[in-house]
Protein chains: 2
Amino acid sequence: MSYTSAFPPVYVTVDVVLLTLRADRLHVLMVERGSEPWRGWLALPGGFVRQDEDLPEAARRELREETGLAVEPVHLEQLGTFGRPDRDPRARTVAVAHLAVLPALPEPVAGTDAAGASWQPVEAVLDRELPFDHHDILLAGVERARGKLEYTTLATAFAGPTFTIAELRHVYETVWGRPLDPGNFHRKVVGAPGFVERAPGERSSGRGRPAAVYRAGTATLLNPPLWRGEPATPPSPLADREATP
Amino acid sequence: MSYTSAFPPVYVTVDVVLLTLRADRLHVLMVERGSEPWRGWLALPGGFVRQDEDLPEAARRELREETGLAVEPVHLEQLGTFGRPDRDPRARTVAVAHLAVLPALPEPVAGTDAAGASWQPVEAVLDRELPFDHHDILLAGVERARGKLEYTTLATAFAGPTFTIAELRHVYETVWGRPLDPGNFHRKVVGAPGFVERAPGERSSGRGRPAAVYRAGTATLLNPPLWRGEPATPPSPLADREATP
DNA sequence: GAAATAGTGTCTCTTAGACAATATCAG
DNA sequence: CTGATATTGTCTAAGAGACACTATTTC
């Protein structure tokens, strides 16, 4: 193995599936492409890796640049690398896809770069055609998130810095698209060591008894998982299981 | 985003962690590097991706070329992509690491390319210094394999085309480094839908009652998993959980 | 008080793991 | 028969999920 022209260089990009919860639905951050091919189409944010940049670093930078997001994602992990030779008509490219998760932001995103960035409902986006292999990547991201709720504390990344148990349950119910028993959920979450810890104060959702406030604990892996197989209920359009603690 | 010199191309390699079981120990296929840097060191097999090659395809080709293996790996999945800017002193490279699993081969490998390929015990290799970030990659591969035994049928990839339940149990015991209860294991494996199916015949290990022969079933995910948390026994040097069905 | 949500108790059924009991083979 | 391994049974404790019940708030 040597660095001759026999081994053509490749353009390496970093693409990001940034998920969040808005209005009780799972949303993904999309940008409108400003150049050919696929000009004008909604696409996942991403761009080329720079010479002296690590992969996660590049992912964070792209999120900042292309979406004008000031906040750092609470969760960022590598999703997988997509390199079909025909994925980009212009040149041989390899995309290192990442999954990022953020709590719901008060306001839509102010795009600073190219065309603007916007939050889109995941289900709607998955129903469309997407540029390149972004459909595969988005699907992988959503499935990864769905799977990791089960056996990691990823759900807290969707919630704000503090949250009630009901809010956390809402995360699960929204991402999984299935209602959970409030009583059993409460007991399990509070009982799972390191998942959540009490924060001072209480919070009321308007009606009903105010709930205790929690923040994310130090654990990252849930052992045993919250739920293993789904307890025979409605089927979700996507499923399966992925990981990386 | 455009293809100008502002975005320098990168050399993309595919590296493979090929695991197998030999003599009751987990082994990994290593090659001896024939060129600088790290000439003469044991390294993971791998090489540059070609222009019109998909990633898994490249991984398979590298295994063939660099190790002279005639057989296709029973299991091949992407492990992750390693791209620290300083991982290769010669140029910016990004390595797409793969995990492959093969049943024990009757004979050591006949290297055809470069220096020779050889099976090395994983524990021993992890105790050494390795070229580039191959230590990280190997570690990720072993942890992924350990984790996936729990909730996928990966173990059958370590066994031959047919196997007894005890042989399959040996896979778990060796990879996890911990003894399992034969009775409970038998019941669970046979009871897990799609994990294994009867093959004709019986097989004797010399002593004792001959065992029924099985082959891999059609399932790929085990739901529920064989074991969740470890039942409080000796700690293994590596742990954690990874995935991709 | 009525309605709503938070949090706790209780019950039943399944499963995990420990370990005992058979079954079937080689000397 | 003895020893070894395969396979099946049995027992006990823990956990899951269903669901009833209490607590605390708004209207």
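The values are calculated or read from the model by the stated rules, or taken from the named source; none is laboratory data. None of the values given here were measured: they were computed from a predicted structure. As a convention, Cβ positions derive from the backbone with ideal geometry for all residues, glycine included, and neighbour counts pool all protein chains shown.
What pairs can you find where one residue is in region A:151-179 and on the phi < 0 side of the Ramachandran plot, the other is assigned to a helix (DSSP H, G or I) and of a type in the set (Lys, Arg), and their Cβ atoms are less than 7 Å apart, with a gap of 6+ or different chains?
A:154/A:148; A:175/A:146; A:176/A:146
In region B:181-210, what residues are among the polar types (S, T, N, Q) and either within 9 Å of DNA strand C (Cβ to nearest atom) or surrounded by 12 or more Cβ atoms within 10 Å (Cβ to Cβ) (or both)?
B:184, B:204
Would you be able to tell me the number of residues in region A:162-186 that are of a type in the set (Asp, Glu) and either within 14 Å of chain B (Cβ to nearest Cβ) or within 11 Å of DNA strand D (Cβ to nearest atom) (or both)?
Of the residues in that region, 1 qualify.
All but one of (1) on the phi > 0 side of the Ramachandran plot; (2) more than 8 Å from DNA strand D (Cβ to nearest atom); (3) more than 14 Å from chain B (Cβ to nearest Cβ) hold for residue A:208, so report the exception by its number.
All conditions pass for residue A:208, except number (2).
For residue B:218, which of the numbered conditions (1) modelled with pLDDT under 95; (2) surrounded by fewer than 16 Cβ atoms within 10 Å (Cβ to Cβ); (3) assigned to a loop (DSSP other than H, G, I, E, B) fails to hold?
Result: residue B:218 passes all but (1).
Taking only pairs six or more apart or across chains, which ones have beta-carbon atoms under 7 Å, a first residue in region A:60-74 that is in contact (Cβ under 8 Å) with a residue 12 or more places away in the chain, and a second residue that is assigned to a helix (DSSP H, G or I)?
A:69/A:63; A:72/A:60; A:73/A:63; A:74/A:157
State yes or no: is residue A:189 away from DNA strand D (no atom under 13 Å from the Cβ), touching a strand residue (DSSP E or B) at 6+ places or on another chain (Cβ under 8 Å), touching a residue at least 24 places away in the same chain (Cβ under 8 Å) and not basic (Lys, Arg)?
So residue A:189 fails the test.
Do we have any residue at all in region A:75-85 that's within 21 Å of residue A:116 (Cβ to Cβ) and among the aromatic types (Phe, Trp, Tyr)?
No; the residues of region A:75-85 include none that is within 21 Å of residue A:116 (Cβ to Cβ) and among the aromatic types (Phe, Trp, Tyr).
Does residue A:145 count as within 16 Å of DNA strand D (Cβ to nearest atom), closer than 21 Å to residue A:75 by Cα and out of contact with any Ser or Thr (no Cβ under 7 Å at 6 or more places or on another chain)?
Criteria not met by residue A:145.
Which pairs have Cβ atoms under 8 Å, sit 6 or more apart or on different chains, and link a residue in region B:199-210 that is aliphatic (A, V, I, L, M) to one that is more than 6 Å from DNA strand C (Cβ to nearest atom)?
B:199/B:162; B:199/B:213; B:199/B:214; B:199/B:215
Determine whether region B:130-151 contains at least one residue that is among the hydroxyl-bearing types (Ser, Thr, Tyr), at pLDDT 95 or above and within 16 Å of DNA strand C (Cβ to nearest atom).
For region B:130-151, residues among the hydroxyl-bearing types (Ser, Thr, Tyr), at pLDDT 95 or above and within 16 Å of DNA strand C (Cβ to nearest atom): absent.
Rundown of residues vs (1) in contact (Cβ under 8 Å) with a residue 24 or more places away in the chain; (2) outside any loop (DSSP other than H, G, I, E, B); (3) buried (at least 23 other Cβ atoms within 10 Å of the Cβ), yes/no style:
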{"site": "A:12", "(1), (2), (3)": "yes, yes, yes"}
{"site": "A:18", "(1), (2), (3)": "yes, yes, yes"}
{"site": "A:47", "(1), (2), (3)": "yes, yes, no"}
{"site": "A:57", "(1), (2), (3)": "no, yes, no"}
{"site": "A:79", "(1), (2), (3)": "yes, yes, yes"}
{"site": "A:84", "(1), (2), (3)": "yes, no, no"}
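Can you tell me which residue in region A:46-79 is nearest to residue A:137 (Cα to Cα), limited to those that are at the interface with another protein chain (Cβ under 10 Å from one of its Cβ atoms) and touching a helix residue (DSSP H, G or I) at 6+ places or on another chain (Cβ under 6 Å)?
Restricting to residues being at the interface with another protein chain (Cβ under 10 Å from one of its Cβ atoms) and touching a helix residue (DSSP H, G or I) at 6+ places or on another chain (Cβ under 6 Å), the top hit is A:79.
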